[in-house]
Amino acid sequence: MKTSSILFSGATICLLVVATTMGSRWLDETRSRRASEQQSKAVADETAAQRGALAKDKPEVLRKLADMQAAGDHEGAIKLASRYRLAADAEIQAAYTRSVGKLSDTQTLARMSDLLTRGCVGIQAIAAARTMIDRARLAGEAVPTDSWRSERLDASEHFGAIRARLVELAEQKPIPAQNALLARLRGDHAPRLQPRVMYAVLSNEPDASKYLCVWRVTGNLPSSDTSGGRTIARPFEMVVWFGPSATERTLEHDLLRVSGL
């Protein structure tokens, strides 16, 4: 009798546990379904409200968007267009996409300008000049650069030459340099600029030169005088330009002009 009572109690407890679990699951599913239905209704209501507002004010909204974009206020345009995102209007979405693209461009170019400001220094120009001289094997031994000098030039004055060089590289039809020494110093190195900066330069955008910097490096290389056995100095001048690299972490360099050596 006692055994039967125990078995009955155990079965009852099991049934209660199962019933409680199933009941809890049913409540959770019911709540989840109700929440989903409420969310769907809220989205549907908001969509209807946005479509209704846009149907009434669309010409004014488009005018405001155009004014903001013309003034360069793309953050404001994005906020305004976002108010009607659920309306799925093609013209509003196109305006939104344009402003997002413009804002992204602005932020990218600002980062590249900052990179150039931090990295484009005289010691970098001297290091680049020395690297090219070493690569071209123009110095037979270690040459001190302590006496070399660097002078920053106006990039806008050299923009045309830099752009021509990039066009030459972009077309993948390199034109042999008229100056054999220039070609030797450049070697196989082709500057790979950050894409947005490259586009700005190739498209000849206003102020594109501010994403580039140019330096004149001057100095002397030792040369042995075979007739007298003396070591003489060979003065040289190199004009080197820099721009943000495709990695957005360093600067690319290239040689514009060289004399001496």
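The values are calculated or read from the model by the stated rules, or taken from the named source; none is laboratory data. What you see is a predicted model, and the numbers here were worked out from it, not measured in a lab. Glycine gets a Cβ as well: all are built from the backbone with ideal geometry, and neighbour counts include every protein chain shown. We work out accessible area using only protein heavy atoms, side chains counted, and drop any ligands, DNA or RNA first. Shrake-Rupley method; radii C 1.70, N 1.55, O 1.52, S 1.80 Å.
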(message) Please report the net charge: other residues with Cβ closer than 10 Å to the Cβ of Arg257, K and R +1, D and E -1.
(response) 0
(request) Treat each spin label as a single point 7 Å out from the Cα along the C-beta direction, and report the Arg25 to Leu103 distance in nm. (result) 4.6 nm
(message) Take the residue pairs Lys58/Lys79; Lys79/Lys210; Lys58/Lys102 and return only those whose Cα atoms are more than 20 Å apart.
(response) Lys79/Lys210; Lys58/Lys102
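Suppose R0 equals 25 Å. What FRET efficiency, 1/(1 + (r/R0)^6) with r the Cβ-Cβ distance, do Thr247 and Asn204 give to the nearest 0.05? Numbers along the way, then the final one.
Details: r = 25 Å, r/R0 = 0.99.
With a Förster radius of 25 Å, E is 0.50.
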(message) Not counting ligands, DNA or RNA, and with a 1.4 Å probe, what is Thr117's accessible surface area in Å² rounded to the nearest 10?
(response) 100 Å²
(message) Given a Förster distance of 51 Å, report the FRET efficiency between Val167 and Arg83 from their Cβ-Cβ distance, rounded to the nearest 0.05.
(response) 0.70
